[in-house]
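Asker: One structure follows; several queries about it will come next.
The values are calculated or read from the model by the stated rules, or taken from the named source; none is laboratory data. Keep in mind it's a predicted model, so treat the numbers as computed, not measured. Don't worry about glycine lacking a Cβ; one is built from the backbone with ideal geometry, like all the others, and counts go over all protein chains shown.
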Amino acid sequence: MRKIGIIGAGPAGVFAAINIKNENNEVYLLDKNNNIGEKLKITGNGRCNVTNAKYYDEFMENIIRNRNFLYSSFSRFDNFSMIDFLNKQGVETIVEEDGKVFPKSSKSSEIILLFESLIREKRIKYLPNTTVENIEKSDCFVVKTARKNYKFDSLIIATGGLTYPKTGSTGDGYNFAQSFGHKISKAKASLMPLYLENRLDVKALSLTNKKLILRTKEKSYEIIGDIMLTPNFITGPAALKIQALAARDELESLSIDFLPDLTYEMLDTKLVSLFERNSKKNISNVLNILLNDQLSSIVIDRLKIKRDIKASIITREQRKRILELIKDFDFKIRQKENFNNAVITSGGVDLKEINPKTMESKLVNDLYFIGEVLDIDALTGGFNLQIAFTTAYAASLDIKEKI
Ligand SMILES: Cc1cc2nc3c(=O)[nH]c(=O)nc-3n(C[C@H](O)[C@H](O)[C@H](O)COP(=O)(O)OP(=O)(O)OC[C@H]3O[C@@H](n4cnc5c(N)ncnc54)[C@H](O)[C@@H]3O)c2cc1C
């Protein structure tokens, strides 16, 4: 009977295990944690945005790096196959805004309980608290842990990336891959806040529908969406998205247009008339008519004028400067890799050395890589978990065919 080893009991490793197991094989699932899916548990703020119901083209647009690699495996197990799998297993799903799919219970624990029951039902040999230290290959794979060595005919590495290392993802898979001669494209933190070079005098300030332009050494990125300003970083959906797009670049500055619906000319006309109509009022009160009061404080601070000077005193140059600050307020961005606070790792096992149909290594027979350990990543919305499930399924089909 063939013995299959899977290192990592995250969504990729568990999904591979339950799809591989049949009467012809023994499947071992090893994880350094006490429980399966420590990261899965915290996904979607504990609700688990398990996949996305967008149709093919739109789905693929959200896979921002190396989406071509997924075409073949996705054609055999896509987002709708995953929804179908969950529903058939008794997990009801709901589709929310932007196609995000969640279990109807809004609890990631429901998915984890399902996976645990399938592990038991299928008699997968789950080995918790088992940290793999290194792997060698002779006639079979020898997987070394502190307590014991295990021998496997096929081996899947599903050790994830580097984010939220407390959940067990500490990049061990990169070392295993390198020990077999695989190249690793440098791991970068993605879907992370943008850290400010200079502290901002603001409490947490949520803003909707702002235009962001992120300039990097390589290019500039532009999106409109919701953000949150805090003293040390800018976060919120639009900030995370633009950071993800630029995750592999050298960051320079972020510019925010606080009133993107108005052109420069429209805003200038508006400022002239506001200042005329409110000439006796303090500049801060006048700007509060246009902007949130915290936002007008930020603008006034940057302008280096007193809050209580009257609107009538504002010079033409100062008005032009106010206009520029509202339309193009720039922040210097700190280059920082904060894996503790990033959702996903961009980078990983170089895909040129992996068969996209099967996830098998092109360098070592019977060695597979699945999930976040691979150099493929997506935006938020359930796409990253789907990458884990799709790549796991591809490896499971190939391994079963070989038996
Ligand atoms: C806060 C947060 C929220 C997220 N929310 C979502 C969401 O809602 N939707 C979405 O699509 N994606 C989300 N993601 C991303 C998603 O969680 C990951 O893409 C996904 O978990 C990757 O699955 P994986 O199985 O490849 O790796 P992981 O989930 O990282 O699992 C890897 C496993 O390998 C084990 N391991 C590592 N090294 C060893 C070793 N040496 N020996 C033994 N075991 C080892 C680890 O303990 C871990 O259990 C979120 C991520 C974070 C951090």
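Asker: Name the residue that is surrounded by the most Cβ atoms within 10 Å (Cβ to Cβ), counting only residues in segment 271-284 that are in contact with a Lys or Arg (Cβ under 9 Å, 6 or more places away or on another chain) and not in a loop (DSSP other than H, G, I, E, B).
Answerer: So the residue we want is ILE283.
Asker: One residue is enough: does segment 309-321 have a residue meeting the conditions assigned to a helix (DSSP H, G or I), of a type outside the set (Lys, Arg), in contact with a Leu (Cβ under 9 Å, 6 or more places away or on another chain) and more than 29 Å from ALA244 (Cβ to Cβ)? Reasoning before the result, please.
Answerer: Here is the first cut: in segment 309-321, the residues assigned to a helix (DSSP H, G or I) are 311-313, 316-321.
Still in the list and also of a type outside the set (Lys, Arg): 311-313, 317-318.
Filter again for in contact with a Leu (Cβ under 9 Å, 6 or more places away or on another chain), leaving 311, 318.
So of that shortlist, the ones also more than 29 Å from ALA244 (Cβ to Cβ) come out as 311, 318.
Yes, segment 309-321 contains a residue that is assigned to a helix (DSSP H, G or I), of a type outside the set (Lys, Arg), in contact with a Leu (Cβ under 9 Å, 6 or more places away or on another chain) and more than 29 Å from ALA244 (Cβ to Cβ).
Asker: Would you say LYS21 is modelled with pLDDT of 95 or more, more than 9 Å from the ligand (Cβ to nearest atom) and either of a type outside the set (A, V, I, L, M) or touching a helix residue (DSSP H, G or I) at 6+ places or on another chain (Cβ under 8 Å) (or both)?
Answerer: On the way: modelled with pLDDT of 95 or more: yes; more than 9 Å from the ligand (Cβ to nearest atom): yes; either of a type outside the set (A, V, I, L, M) or touching a helix residue (DSSP H, G or I) at 6+ places or on another chain (Cβ under 8 Å) (or both): yes.
In short, yes.
Asker: Across segment 368-403, what is the number of residues that are more than 16 Å from the ligand (Cβ to nearest atom) and within 17 Å of ASN79 (Cβ to Cβ)? Walk me through it before giving the result.
Answerer: The first filter runs over segment 368-403 and keeps only residues more than 16 Å from the ligand (Cβ to nearest atom), leaving 397-403.
Keeping just the survivors that are within 17 Å of ASN79 (Cβ to Cβ) gives none.
Adding up the residues that qualify gives 0.
Asker: From the list TYR221, TYR164, pick out the single residue that is of a type in the set (Ser, Thr, Tyr), in contact with a strand residue (DSSP E or B) (Cβ under 7 Å, 6 or more places away or on another chain) and farther than 22 Å from VAL27 by Cβ. Break it down into steps so the answer makes sense when it comes.
Answerer: Numbers: TYR164 fails: in contact with a strand residue (DSSP E or B) (Cβ under 7 Å, 6 or more places away or on another chain).
Answer to the check: TYR221.
Asker: Output the strands (runs of 3 or more DSSP E) that fall wholly within segment 99-148 and possess 2 or more residues being within 11 Å of the ligand (Cβ to nearest atom) and under 28 Å from TYR55 (Cβ atoms), or say none. Show your work before the answer.
Answerer: Working: elements: 100-103, 125-127, 132-137, 141-145.
Qualifying strands (runs of 3 or more DSSP E): 100-103.
Asker: If you scan segment 163-220, which residues turn out to be over 21 Å from ASP249 (Cβ atoms), of a type in the set (Val, Ile, Thr), assigned to a loop (DSSP other than H, G, I, E, B) and modelled with pLDDT of 95 or more?
Answerer: Answer for segment 163-220, where residues must be over 21 Å from ASP249 (Cβ atoms), of a type in the set (Val, Ile, Thr), assigned to a loop (DSSP other than H, G, I, E, B) and modelled with pLDDT of 95 or more: just THR170.
Asker: While we're looking at this one, here's another question. Can you tell me which residue is nearest to PHE389 (Cα to Cα) among those in segment 39-56 that are in contact with a strand residue (DSSP E or B) (Cβ under 7 Å, 6 or more places away or on another chain) and not polar (S, T, N, Q)? Walk me through it before giving the result.
Answerer: Of segment 39-56, the ones in contact with a strand residue (DSSP E or B) (Cβ under 7 Å, 6 or more places away or on another chain) are 44, 47-53.
With the extra rule that they be not polar (S, T, N, Q), the set shrinks to 44, 47-48, 50, 53.
On the way: GLY44: 16, ARG47: 17, CYS48: 14, VAL50: 10, ALA53: 14 Å.
Here the residue is VAL50.
Asker: Can you tell me which residue among GLY161, GLY181 is out of contact with any Cys (no Cβ under 8 Å at 6 or more places or on another chain) and near the ligand (Cβ under 10 Å from one of its atoms)? I'd like the intermediate steps shown before the answer.
Answerer: Values: GLY181 fails: near the ligand (Cβ under 10 Å from one of its atoms).
Every option except GLY161 fails the conditions.
Asker: Tell me which residues, restricted to segment 348-367, are on the phi < 0 side of the Ramachandran plot and within 12 Å of the ligand (Cβ to nearest atom).
Answerer: Start the filter on segment 348-367 by keeping residues that are on the phi < 0 side of the Ramachandran plot, which leaves 349-358, 360-365, 367.
VAL349, the sole residue that qualifies.
Asker: Right, something else. Please work out which one of (1) of a type outside the set (A, V, I, L, M); (2) at pLDDT 95 or above; (3) more than 16 Å from the ligand (Cβ to nearest atom) is the condition THR345 fails and give its number.
Answerer: Every listed condition holds for THR345 apart from (3).
Asker: Could you run through segment 328-386 and say how many residues are assigned to a strand (DSSP E or B), among the aromatic types (Phe, Trp, Tyr) and within 23 Å of ALA238 (Cα to Cα)? Spell out how you get there, then give the answer.
Answerer: So the first thing to find is which residues in segment 328-386 are assigned to a strand (DSSP E or B), and the list is 329-333, 344-349, 354, 360-361, 367-369, 374, 377-378.
Checking which are among the aromatic types (Phe, Trp, Tyr) leaves us with 329, 331, 368-369.
Then drop every residue that is not within 23 Å of ALA238 (Cα to Cα), which leaves 329, 331.
Total satisfying the criteria: 2.
Asker: Name the single residue, out of those in segment 24-52 being more than 8 Å from the ligand (Cβ to nearest atom) and either part of a loop (DSSP other than H, G, I, E, B) or aliphatic (A, V, I, L, M) (or both), that is modelled with the lowest pLDDT.
Answerer: For segment 24-52, the residue satisfying everything is ASN24.
Asker: Here are ASP57, ASP78: which of them is of a type outside the set (A, V, I, L, M, F, W, C), touching a residue at least 60 places away in the same chain (Cβ under 8 Å) and on the phi < 0 side of the Ramachandran plot? First the steps, then the outcome.
Answerer: Details: ASP57 fails: touching a residue at least 60 places away in the same chain (Cβ under 8 Å).
So the residue among ASP57, ASP78 that is of a type outside the set (A, V, I, L, M, F, W, C), touching a residue at least 60 places away in the same chain (Cβ under 8 Å) and on the phi < 0 side of the Ramachandran plot is ASP78.
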